[in-house]
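The values are calculated or read from the model by the stated rules, or taken from the named source; none is laboratory data. It should be emphasised that the depicted structure is a prediction, and the values quoted were computed from it without experimental measurement. Here Cβ is always computed from backbone atoms with ideal geometry, including for glycine, and neighbour counts include all displayed protein chains. For the accessible areas, the whole protein counts, side chains as well, though only heavy atoms, and no ligand, DNA or RNA atoms are used. Shrake-Rupley method; radii C 1.70, N 1.55, O 1.52, S 1.80 Å.
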Amino acid sequence: MNMNNWLNNRQPDPIRDTKSERNLFMRRTLVAFLGVMVLVGALFANLYHLQVQDVTIYRTRSNDNRIKLLPIPPARGLIYDRYGRKLAENITFFGLYVVPEKVKNLKETFAELKPLVNLTDEDIANFEKARRRSLRYTPILLKPALTEEEIARFAVNQYKFSSIEVQPYFKRHYLYGEPLTHILGYVGKINDRDIETLKKAGELSNYAGTHDIGKSGIERYYEEQLHGKVGFEEVEVNSRGKVVRKLQEQPAVAGESVHLTIDLDLQRYITNLLGDQRAAVVVLDPKDGGILAMVSTPSYDNNLFVGGISSKNYAELLHDLNRPLYSRATQGAYPPASTVKPFIAVAGLTENVIDPNKEIYDPGYWYLPNSQKRYRDWKWGGHGKTNLNKAITESSDTYFYQVAYHLGIDRLSPWMKRFGFGEPTGIDLKEETDGVMPSREWKKARYKRSWLQGDTIPVGIGQGYWTATPLQVAKALTILVNNGKIHTPHLMEKIEGKQVQYYQDPHLYPDITEPDASVWQAAKQGMFNVINSLHGTARKAFLGTDYVAAGKSGTAQVFSLKENQVYKASELKNHLHDHAWFIAYAPYKKPKIVVAVILENAGGGSSQAAPIVRKIMDYYLGVRLPQIAAMQKATLQQSATKSVGRNFSQNFDKNSSLSESTNKENYIE
């Protein structure tokens, strides 16, 4: 029953619609085909984009990954003295160089290198500093100055460090250290400030691969000439950054060598003469302003700064009370004291303030008119009746107080500026102080106070607000020696055998042309008597010389004495003692040397500084010049011998050719 009911109620199966199934399949196949075609089209479009449209861009990118430009730093130019003796050179060292971008883990790599090459934390810190300033994929110095043992240990393990290798590099070396430090200066590692300066000048690319730059002295002033031009090496590298082959090379151009006017023997002699004194000496050639010697003591070894000075050593130099880091010759500003009296005499005579034959009475002091202010002479009791010649010879302060009063600061200041005071000398060094040549405008700007008549009086003897560097005083003396003709002091003699002509702006340093010959002679005669007269202040220091010199002493007060105060050096601390000045030139009629000396806190100029000048002149005129003459004579003889040899050889060759020609003609006949 149940089975019959089920059979009766069972629905028949519908008939299968194969046509609908086929249509569905075709639609799906078409969609799939269209999808594939779209993808293939996109693929071909991308291939066209890569291989045709932008092929240049991607080829360049590919080459950038495969081909690298490695900078070749130039060798720095050398520095010589005026006679060709080397003062600064380059020494080859070997260092460990790293391309940071090719090292997976720098920290682990450094840890592995520490026992191999004695890598220190300071080395790593210097590496990180250099890395921040370097271009990508540029080898950076990690460990400088490798020893032979360190090189050997690394060579055995080099297979572990694919992007690290040992490369040679140059390091600056100064052969004579302290005697020339303030002239040559030094090179040091390029820092962020240097980077900014180079960027502004458009020179950053020329320092690729270079670690050092001139920081001071000649190294800084002639950086452009000494540095040279960077070269490049185009190389092919593999995927690990290792050089496979060199494609081409543009060699670096070495820096030009610089020849200075400095006489090394004279420079070293003066350095030894001064010893540990706080002092400065400038020696000029009056014919052209060339600096024969320029010494500042105490000094320091500039080799300490090459490659980076340690914090300990720098702190010692920085806190040294003797201040070895600064050049007293160009940066030390001192009251010039009585050394300026001959220059003031030229101004007074030209302005008709001084009658050279007129005498005044010097009682040992001078009163400012309509005032109770008294200015004392250095000599107790004064010099009595005094004219210009005696005033320079015996260094009468009273006489020049009166000259300053009649000139007034409005004439005195401009005149002294024409002698180079209060202005840059023009020397080819960046490290120079202008000093102070006071004026109404200067005091107003500096102290916000008006100039008083009493301010002028001490200026007449090189005191008061007036300060000058030893180089400025030496330059002023060369102007006097040359009757107003100005030669800019300079250290450069030539570059790579080319004579250097120093451009001197006539508007910046105009010659002093107003004084006639008698004016110049009056000032010089006074300086002649300082040394050669019975009452000259420096007569004792120059007794028995084989030459005739002229000079002027100066004793610069470090502090002002009160009205009735007596100067007693024995009761004062050393730093309050007077500075000792002396300037001189010789021979008197045809000067070959101008010298300016200052000894800090040494006392009287005639007693302390004059003997130093005497020894310098004795050495230069009596020892050094004969040596130079003998050397030049020997050089000429050698040249003549070579010339005779060349002429003999040329004549021999000519005769041989003639003989050979004759033999050939005979043979043909």
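Where a ≥ b ≥ c are the square roots of the eigenvalues of the C-alpha gyration tensor, would you call segment 256-379 rounded, which needs a/c under 1.5, or, failing that, prolate if a/b is larger than b/c, or oblate?
In terms of gyration-tensor shape, prolate.
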**OP:** Taking 7 Å along the Cα-to-C-beta vector as the label spot, tell me the R440-K615 distance in nanometres, rounded to one decimal.
**Re:** 4.8
Original post:
Given the Cα-Cα distance of E359 and L636 and 0.36 nm per residue of separation, how much length would full extension add, in nm?
Top reply: 94.2 nm
**OP:** Sort T210, T469 by accessible area with a 1.4 Å probe, largest first.
**Re:** T210, T469
Original post:
How long, wide and thick is segment 320-410, going by the Cα atoms along their three principal axes, in whole angstroms, largest first?
Top reply: 49, 29, 26
Subject >> Cα gyration tensor shape for segment 89-154, rounded if a/c is under 1.5, else prolate or oblate >> reply: oblate
Subject >> Dipole of segment 331-408, positive direction: furthest Cα of V346, V403, Q372, with charges on the beta-carbon >> reply: Q372
Subject >> Debye intensity ratio I(q)/I(0), log10, segment 325-367, q values 0.16, 0.26, 0.29 Å⁻¹ (C-alpha model) >> reply: -0.66, -1.04, -1.09
Original post:
Taking a 1.4 Å probe, which of R278, R539, R76 shows the most accessible area, and what order do the others take after it?
Top reply: R539, R278, R76
**OP:** Take the Cα gyration tensor of the chain, multiply each eigenvalue by 5, square-root it, and list the three semi-axes largest first, rounded to whole angstrom.
**Re:** 77, 38, 25
**OP:** With θ set to phi - 60°, apply the Karplus curve 6.51 cos²θ - 1.76 cosθ + 1.60 along segment 360-368 and write out the HN-Hα couplings as whole Hz, x wherever there is a Gly or Pro.
**Re:** 10, 9, 10, x, x, 6, 9, 9, 5
**OP:** Multiply the residue separation of I151 and K589 by 0.36 nm, subtract the distance between their alpha-carbon atoms, and state the gained length in nm to one decimal.
**Re:** 151.3 nm
Original post:
If Y588, Y334 are ordered by their accessible area, calculated over protein heavy atoms with a 1.4 Å probe, which sequence runs from highest to lowest?
Top reply: Y588, Y334
Original post:
Between segment 121-176 and segment 244-291, what is the C-alpha centre distance in whole Å?
Top reply: 30
**OP:** For N105 and S371, compute 0.36 nm times the residue count separating them, minus their Cα-Cα distance, and round to one decimal in nm.
**Re:** 87.5 nm
Original post:
How many nm separate the modelled label positions at I628 and T120, each set 7 Å beyond the Cα in the direction of the Cβ?
Top reply: 4.4
Original post:
How high is the relative contact order of the chain, in percent, counting Cα pairs under 8 Å that sit 6 or more residues apart?
Top reply: 12
**OP:** Would you give the gap between the C-alpha center of segment 71-104 and the C-alpha center of segment 400-447, rounded to a whole Å?
**Re:** 44
Subject >> Amide H within-cut-off set for Y80, under 5 Å, with H built and near neighbours excluded >> reply: L87, V258, H259, L260
Original post:
Any idea how far apart R193 and R27 come out in nm if each label point goes 7 Å out from Cα toward Cβ?
Top reply: 8.1
Subject >> Rounded FRET efficiency, nearest 0.05, which uses the C-beta distance separating K86 from D516 and R0 of 60 Å >> reply: 0.80
**OP:** Sketch the reach of a paramagnetic label on R133 as a point 7 Å from Cα along Cα-to-Cβ, and name the residues of segment 298-323 whose backbone nitrogen lies under 11 Å away.
**Re:** 308
Subject >> Residue-wise HN-Hα coupling along segment 252-263, computed from phi with Karplus coefficients 6.51, -1.76, 1.60 (Hz; x: Gly, Pro) >> reply: 6, 9, 5, x, 7, 7, 10, 10, 9, 7, 5, 9
